[in-house]
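Please read the structure below before turning to the comments.
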Amino acid sequence: MSDRVTLKIKRIVDEGPSAASLYFDSDMKVLPGQFVMLTDYEEGERPFSVADADGSGICLTIKRMGPFSKRICSKKAGDLISLRGPFGNPFTLVSGVSLLVGGGAGIAPLYLLARGLIASGNRVIVVNGARTQDALLLGAWFGRLDADYRETAEDTGEKLSSVQLAARILEREKVGCVYAAGPELMMAALKDILPDIPYQFSFERYMKCGVGVCGSCACDPSGIRVCVEGPVFGREQIEKLSDFGVYKRDSTGARVPFRK
Ligand SMILES: Cc1cc2nc3c(=O)[nH]c(=O)nc-3n(C[C@H](O)[C@H](O)[C@H](O)COP(=O)(O)OP(=O)(O)OC[C@H]3O[C@@H](n4cnc5c(N)ncnc54)[C@H](O)[C@@H]3O)c2cc1C
């Protein structure tokens with residue numbers, strides 16, 4: 001399904017102070033890692049990963065960032081939202097022990113992935129990281145899964161980043177594939193500590209059309225588009241990128257360096 005649909009918000013649940021989950025009745029068939037383009041017709045359209053889908057409903061988890069996401073998070077049940085999708089290249093499920101590493105709202109697409117991996121009989125270890133404890137999202141969702149779930153906040157306890165916690169786990173576990181979603185600098189740091197194993201990262205770059213026409217989300221040097229060939233890229237694709245963790249493009253196409 002990739003036509004536009006206008007749906008009533010069935011339920012909206014605050015996920016702490018930093019985000020909200022929006023639930024819709026929908027028979028949209030979604031694979032882990034795919035996203036939808038969302039608008040309320042007030043200003044523009046934004047891509048959001050599908051956090052959960054079961055054939056009769058979908059859920060999006062949206063972090064309150066700028067005016068767009070704050071406005072969407074302040075909607076009420078019964079309000080109308082328009083969606084296009086699902087779009088993009090999903091995660092590929094690899095058999096064996098899986099390590100899922102999420103940062104901030106990047107944890108959203110990893111929930112549907114975790115469900116898929118567990119349903120296929122794989123052991124799943126999840127690292128959910130955020131800068132602050134109150135920005136950790138979806139812990140209760142993962143807690144209900146048969147997964148080895150760990151969370152870390154950089155302002156609490158050992159103050160580990162998700163990459164530092166992932167490094168500890170990789171020392172002890174024979175992981176077959178690492179999946180990650182979150183800030184690109186987090187994924188770049190994760191790539192640097194990974195042993196010689198497969199990995200798949202979900203990218204967030206500026207998107208306008210979501211269907212590969214405008215080129216806004218094209219990566220250098222090959223021009224592979226986050227909205228069509230991504231948002232999930234595998235190791236072979238990521239190793240050929242010259243802009244990964246270095247810069248992204250803004251709405252005008254200008255390069256914006258990632259700030260460490
Ligand atoms: C494939 C994909 C999946 C995503 N999934 C989620 C998700 O599940 N949950 C979530 O909270 N966020 C997700 N995002 C980010 C989301 O699309 C918005 O960028 C974010 O909500 C900020 O919107 P804003 O306009 O409120 O904030 P602003 O303050 O206006 O922008 C904050 C940041 O978002 C970037 N941004 C603004 N517009 C776009 C756009 N059209 N495309 C991409 N980035 C943009 C800006 O460049 C800036 O870096 C995803 C992005 C992509 C590309």
Original post:
Do any residues in region 208-229 that are closer than 17 Å to Thr39 by Cβ and charged (D, E, K, R) have Cβ atoms under 7 Å from those of residues that are surrounded by fewer than 19 Cβ atoms within 10 Å (Cβ to Cβ) and at pLDDT below 95, where the two are at least six apart or on different chains, and which pairs are they?
Top reply: Lys208/Cys214
**OP:** Tell me which residues, restricted to region 172-208, are within 16 Å of the ligand (Cβ to nearest atom), touching a strand residue (DSSP E or B) at 6+ places or on another chain (Cβ under 8 Å), part of a loop (DSSP other than H, G, I, E, B) and at negative phi.
**Re:** Pro183, Phe203, Glu204, Arg205, Tyr206, Met207
**OP:** Please enumerate the residues belonging to region 98-127 that are among the hydrophobic types (A, V, I, L, M, F, W, C), over 20 Å from Val30 (Cα atoms) and buried (at least 24 other Cβ atoms within 10 Å of the Cβ).
**Re:** Leu99, Val101, Val126, Val127
Original post:
Does Val163 satisfy being buried (at least 18 other Cβ atoms within 10 Å of the Cβ) and part of a strand (DSSP E or B)?
Top reply: no
Subject >> Cβ-Cβ under 7 Å pairs, at least 6 apart or on other chains, region 98-116 side within 9 Å of Val126 (Cα to Cα), far side among the hydrophobic types (A, V, I, L, M, F, W, C) and within 12 Å of the ligand (Cβ to nearest atom) >> reply: Leu100/Leu110; Gly102/Leu110; Gly102/Ala181; Leu110/Ala181
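Quick check, is Gly234 on the phi > 0 side of the Ramachandran plot, at pLDDT 95 or above and more than 13 Å from the ligand (Cβ to nearest atom)? Step through it out loud before you land on a result.
On the way: on the phi > 0 side of the Ramachandran plot: no; at pLDDT 95 or above: yes; more than 13 Å from the ligand (Cβ to nearest atom): yes.
In short, no.
Could you tell me which of the residues Ser18, Ser74 is more than 11 Å from the ligand (Cβ to nearest atom) and among the hydroxyl-bearing types (Ser, Thr, Tyr)? Steps first, answer last, please.
Values: Ser18 fails: more than 11 Å from the ligand (Cβ to nearest atom).
It is Ser74.
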Subject >> Tabulated pairs, region 154-172, first over 16 Å from Pro183 (Cα atoms), second in a helix (DSSP H, G or I), C-beta under 6 angstrom, 6+ apart or interchain >> reply: Thr156/Gln133; Ala167/Ile193
Subject >> Matching residues in region 128-140 - criterion: being surrounded by 24 or more Cβ atoms within 10 Å (Cβ to Cβ) and either in a helix (DSSP H, G or I) or away from the ligand (no atom under 16 Å from the Cβ) (or both) >> reply: none
**OP:** State whether one or more residues within region 40-49 are closer than 22 Å to Val226 by Cα, touching a residue at least 24 places away in the same chain (Cβ under 8 Å) and more than 14 Å from the ligand (Cβ to nearest atom).
**Re:** no
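The values are calculated or read from the model by the stated rules, or taken from the named source; none is laboratory data. As the structure is a prediction and not an experimental result, all values here were calculated from the model. Here Cβ is always computed from backbone atoms with ideal geometry, including for glycine, and neighbour counts include all displayed protein chains.
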